[in-house]
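Structure first, commentary second.
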Amino acid sequence: MSTEVAPDTQTPATYKVIGTRPVRHDSADKVTGKAVYTDDLHVPNMVFGAFVRSPHAHARIVSIDTSDAEKMPGVLATCTSADLPDPWDKVDNLGEGCVNYAHLSGNVLARNKALYKGHAVAAVAATDSYLAQEAARRIRVEYEPLPATMCVQDAMRNDAPLLHDELITHTLDDKPARPSNIASHIQFEKGNVDEGFAAADVVIEREFKTATVHQGYIEPHVSVALWNEDGRLKIWTATQGSFVVRQQMAELLKMPVSQITIVPCEIGGGFGGKISVYEQPVAAVLSRKCGRPVKIMMQRDEVFEATGPTPASFMRVKLGATKDGKLTAGKAWLAFDAGAFPGGVIGPGAMCVFSCYDLPHATVDGFDVVLNKPKTQAYRAPGSTHVAFATECVIDELAERLKIDPIEFRLNNAAKEGTRRVDGPVYPRVGLVECLQAIQESDHWKTPLTGPNRGRGVACGFWFNCGLKSSVTANVNADGTVTLVEGSTDIGGTRTSIAMQLAETLGITAEDVIPQVVDTDSVGFTDVTGGSRTTFATGLAAHEAALDIQKQMVEQAAQIWECSPDEVTVADGVYQGNGKSLSFKALAVEADKVGIPIVGRGVVDPQCSTNAFAVNLVDVEVDPETGKVTILRFTVCQDAGKAIHPSYVEGQMQGGSAQGIGWALNEEYFYGDDGHMRNASFLDYRMPTCYDLPMIDTIIVEVANPDHPYGVRGVGEVPIVPPPPAIANAIYRATGVRFFELPMSPPTVWNAIKGQTTGE
Amino acid sequence: MIDFEYAAPTQLDEAIRLLAAAGDGTRILAGGTDIIVQLREGLRSADLVVDIKKISELTQLKLSGDKGLHLGASVSCRRIYDDQNIAASYPGLADAVRIIGGWQIQSRASVGGNLCNSSPAADAIPPLIAYSATAHIAGPGGKRMVPVEEFCTAPGHNILQQGELLVALTLPPQPSNAGSAYQRFIPRNEMDIAVAGAASWVQLDQSGERIEQARIALSAVAPTPVFAVDASEWLKGQVVSEEVFAEAGELAKRVASPIDDMRGTAEYRTHLVGVLTKRTLATACQRARK
């Protein structure tokens, strides 16, 4: 594997901690199996919950009879939507998407209608988990099955079965008179698109489809809830954001946030799927009813069928360019399935569709469509992977038609500082051009691909990244170490990447910082670990806390050295004044003897996007007899702004690429005609394993983010975006067939090759 | 999964008595890699689980020049490929047991269990059929022998009667000019169930240019693993060539009656039968010449 930092973009090597690769702070716990995940908890008197789920994709719930289950010895409580307070129509931002609490409550436990197969209808708590499952089977639910709608184009038709009788499309146009499954219609416009296409020498328009895919985190959703006699509720859970779980619980259960404590345990992956609550409110209600702590852990099929995959889509993208390779106009029509409730990821999808290019004229129409599938959620750069598949395939075809090298064509049109996106924002300094150039300079690009049935593809991807609220406190210990208390749950090594920024600012080592992720009672409000924001925003808070500590240390040094604080200077963690000098550590020891405790505080709420770009270069080989695609070589180049811990940045780039490859080649929700998912297991929902991937080469580009003291942009999400189109473009060069549908699974590829040879 | 009784007899007759006395809710446990998953996921239920791994006859694995391979019903996959002589003498079987799960599964799962689970997509059954293996069954009425191609009757169903137990599989001795191979097609490279599978066994003449005998068996393309009789018969006397392999593949496709499901369409699976038959015949012939 080659790992490189593109030399032209490297920031001056003045850092002592940032850019190094210390061992992560939680490594011993993780590699020895001592890290505590939610399912490891065994709270005294704990009982177990299980769900009753709808066997129908769409059905009216006629009645629910829990009496037989309640008579079983060992069964302690049952619960239905009647046990949840009446929901209210209130919309809140959870950091990576908004939620309407009426919809959320209806998703947690179905009200009146089950809207998808697997929709939770009731739940039961019993003294062991097998008994709970058995009791769940004895809860009798009478359904009146209704026709279901499973595909976004069908769901948009006038005669489609309606999921929500009252749903009126939210649109800039006139309010429709009749309800439909179209929850919203988003429109963006820049310039005059007709003029733009008139100026084009070549115009290409294509239609694309993608399948529903799941984040595929290894740890199922799991929570333990304890509703105490004093009315306080405590929940241990696997979540990307303990504070947004608290917020959702407070709204769903109509209780003050101060009555709720969320303890985030270690988390086995989230990727956007562990922000919304599912089992937490149900465990809480069951605990309230039986007076004991209740654990609910989902089974894998429940995770697939009843949590939040990311949507299927239907997209039409049209682009025009002049003979000399300048894009003139773009038009996109995008319909994403939201699942059973409004509020899918069409918003960011519509904003990202042309985000890599400087397009003078463009329009985007985006539709949020409800249908009888689980409520969709964010998945790593939500919406951007879909639209990149469409745009980057059309870009590739345009370049080919114009006989221009695919990287040169992209460089000709790449978004840069000053480019205005179709949805409005103007980019500050961004690094797409540098990423494309780094790919051109790579060993991979310079090594020709030879052999039959092989092809090479290129694609770009964009993700905004966000800021949002973060809080940390940092306590200087008597031995000169610093305990860093933070609210960002650590999914990708952020304990260390945040601690390193504190260490760099203070002039101490990463090992001298002890990061702790704590519960919602023990730190200030912190938004989700999502939006690639944590190393950026919580790192910014850690930087502020370090400056706060430094100020207090200066004051204590002045007191010890009997001089004015103005006379104390700090450089590289060494404090000097009145002819004396002490390291941070030594000064901390002295300060502990004489002064008040030193506690730093950092609270931030940056409102900016940090704008991440990635470029993929991929070589494939296609077996013409079976349609199976083998990834021969894969390079991902990404602008990290500044890679705080390069190993974790590479890990994110490789992990995102692996998920993008899975999305491209095999992953899909495979539905039967009855609206049942046929492959709700890791056996048949085919994520790539290590046998299916080459070592993924990484090139980190560092174009500093002007809005962060160390230039951090955030890196987690964008690497999932370019793989599907890069692979589609590579398969085209291997087979001569262009693909417009994901996944490009062996039967699909074989069919297309066969169609080509038989002229179908 | 709800509670069940567990028994682990050490004698074959004791096991048969237990099985004969018990009702429909009796399940046999060898490696457990199918039955435990099925019980946990509610696909099957059990009142009594009879563990047969402690019966010595069922764990015997013996290769002899005149009798061939004796494969006790609960012998793990791993013991087969760990024995270099066995793996070299029965490469088609070794191909299959090396790709059933990962090595942890292979250390538990048995070929006998794979046969008794009677999945249409079982990897070990096509090579058994290609090798003309015999199933040795014991029951309250005594012992009987059945060719493996007659063992499975439907997905998850087979000829075992109430109280009967598979004791062993025997594979005939292999002449030096015989060769075999098994391949399955899966979309990934590991951890998957066959979309289609094919095993080919050939015996060549002295020159190594002509096929004297051949047996082709398929998986995942019919309600049970199937013996491709016509393709096998047609191959007798044919000269070894890519064209002959391809033609045999076309003939093998005729016994395929696959379904459309999440693992592949019927059309695609039928097509794969041709590809896999061709490819396994080529490997089998290559191995026969060594």
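The values are calculated or read from the model by the stated rules, or taken from the named source; none is laboratory data. Not measured: the values here are computed from a predicted model. Cβ atoms come from the backbone with ideal geometry, glycine included; neighbour counts cover every protein chain shown.
In the stretch B:158-166, is there at least one residue being of a type outside the set (D, E, K, R) and touching a His at 6+ places or on another chain (Cβ under 8 Å)?
yes
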Worksheet entry | Residue that is nearest to the other protein chains (Cβ to nearest Cβ) [pool: residues in the stretch A:618-675 that are of a type in the set (Lys, Arg) and closer than 30 Å to B:His271 by Cβ] | A:Lys628
Fill in: Check on A:Val568, of a type in the set (A, V, I, L, M), away from chain B (no Cβ under 14 Å), touching a strand residue (DSSP E or B) at 6+ places or on another chain (Cβ under 6 Å) and free of Cβ contacts under 8 Å to residues at least 24 places away in the same chain
yes
Worksheet entry | Criterion (in contact with a Leu (Cβ under 9 Å, 6 or more places away or on another chain), modelled with pLDDT of 95 or more, surrounded by 13 or more Cβ atoms within 10 Å (Cβ to Cβ) and under 30 Å from A:Gly343 (Cα atoms)) met by exactly one of A:Leu84, A:Leu76 | A:Leu84
Fill in: Hits in the stretch A:177-227 (condition: surrounded by 14 or more Cβ atoms within 10 Å (Cβ to Cβ), more than 23 Å from A:Asp423 (Cα to Cα) and more than 33 Å from the chain's Cα centre (by Cα))
A:Asp201, A:Val202
Worksheet entry | Among the residues listed as B:Val275, B:Val226, the single one being within 14 Å of another protein chain (Cβ to nearest Cβ), touching a residue at least 60 places away in the same chain (Cβ under 8 Å) and aliphatic (A, V, I, L, M) | B:Val275
Worksheet item: Does A:Val703 satisfy the condition of being surrounded by 22 or more Cβ atoms within 10 Å (Cβ to Cβ), within 18 Å of A:Gly272 (Cβ to Cβ) and at pLDDT 95 or above?
Response: no
Worksheet item: Does B:Leu218 satisfy the condition of being within 14 Å of chain A (Cβ to nearest Cβ), closer than 30 Å to A:Ala680 by Cβ and in contact (Cβ under 8 Å) with a residue 60 or more places away in the chain?
Response: no
Fill in: Residue in the stretch A:676-699 that is modelled with the highest pLDDT, counting only those that are part of a helix (DSSP H, G or I) and facing chain B (nearest Cβ under 8 Å)
A:Asp692
Discussion item. Can you find, within the stretch B:256-272, the residue that is nearest to A:Met677 (Cα to Cα) among those that are touching an Asp or Glu at 6+ places or on another chain (Cβ under 9 Å), part of a loop (DSSP other than H, G, I, E, B) and more than 9 Å from chain A (Cβ to nearest Cβ)?
Written reply: B:Asp260
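Residues are listed down the side, and each one gets a yes or a no for (1) within 14 Å of another protein chain (Cβ to nearest Cβ); (2) more than 30 Å from the chain's Cα centre (by Cα); (3) more than 26 Å from A:Pro428 (Cα to Cα); (4) at pLDDT 95 or above:
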{"residue": "A:Phe739", "(1), (2), (3), (4)": "no, no, yes, yes"}
{"residue": "A:Met744", "(1), (2), (3), (4)": "yes, no, yes, yes"}
{"residue": "A:Val749", "(1), (2), (3), (4)": "yes, no, yes, yes"}
{"residue": "A:Gly759", "(1), (2), (3), (4)": "no, yes, yes, no"}
Worksheet item: Residue check: is A:Ala399 outside any loop (DSSP other than H, G, I, E, B), touching a Pro at 6+ places or on another chain (Cβ under 9 Å), within 29 Å of A:Asn158 (Cβ to Cβ) and at pLDDT 95 or above?
Response: no
Worksheet entry | Odd one out for B:Arg188, checked against (1) part of a loop (DSSP other than H, G, I, E, B); (2) of a type outside the set (A, V, I, L, M, F, W, C); (3) away from every other protein chain (no Cβ under 12 Å) | (3)
Worksheet item: How about the stretch A:513-539: which of its residues are without any contact (Cβ under 8 Å) to a residue 60 or more places away in the chain and not in a strand (DSSP E or B)?
Response: A:Val518, A:Ser522, A:Val523
Worksheet item: Out of all the residues in the stretch A:441-457, is one or more under 14 Å from A:Ile699 (Cβ atoms), surrounded by fewer than 16 Cβ atoms within 10 Å (Cβ to Cβ), without any contact (Cβ under 8 Å) to a residue 40 or more places away in the chain and not assigned by TED's automatic domain parsing to the domain that holds A:Val485?
Response: yes
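Taking the condition assigned to a strand (DSSP E or B), in contact with a Phe, Trp or Tyr (Cβ under 8 Å, 6 or more places away or on another chain) and β-branched (Val, Ile, Thr), does B:Ile211 pass? Can you show your working first?
Values: assigned to a strand (DSSP E or B): yes; in contact with a Phe, Trp or Tyr (Cβ under 8 Å, 6 or more places away or on another chain): no; β-branched (Val, Ile, Thr): yes.
Spelling it out, it is not the case that B:Ile211 is assigned to a strand (DSSP E or B), in contact with a Phe, Trp or Tyr (Cβ under 8 Å, 6 or more places away or on another chain) and β-branched (Val, Ile, Thr).
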Worksheet entry | Only listed residue being within 14 Å of another protein chain (Cβ to nearest Cβ) and more than 17 Å from A:Thr626 (Cα to Cα), chosen from B:Glu242, B:Glu233 | B:Glu242
Worksheet item: Can you name the condition, by its number, that B:Ser232 falls short on among (1) buried (at least 16 other Cβ atoms within 10 Å of the Cβ); (2) in a loop (DSSP other than H, G, I, E, B); (3) free of Cβ contacts under 8 Å to residues at least 24 places away in the same chain; (4) not charged (D, E, K, R)?
Response: (2)
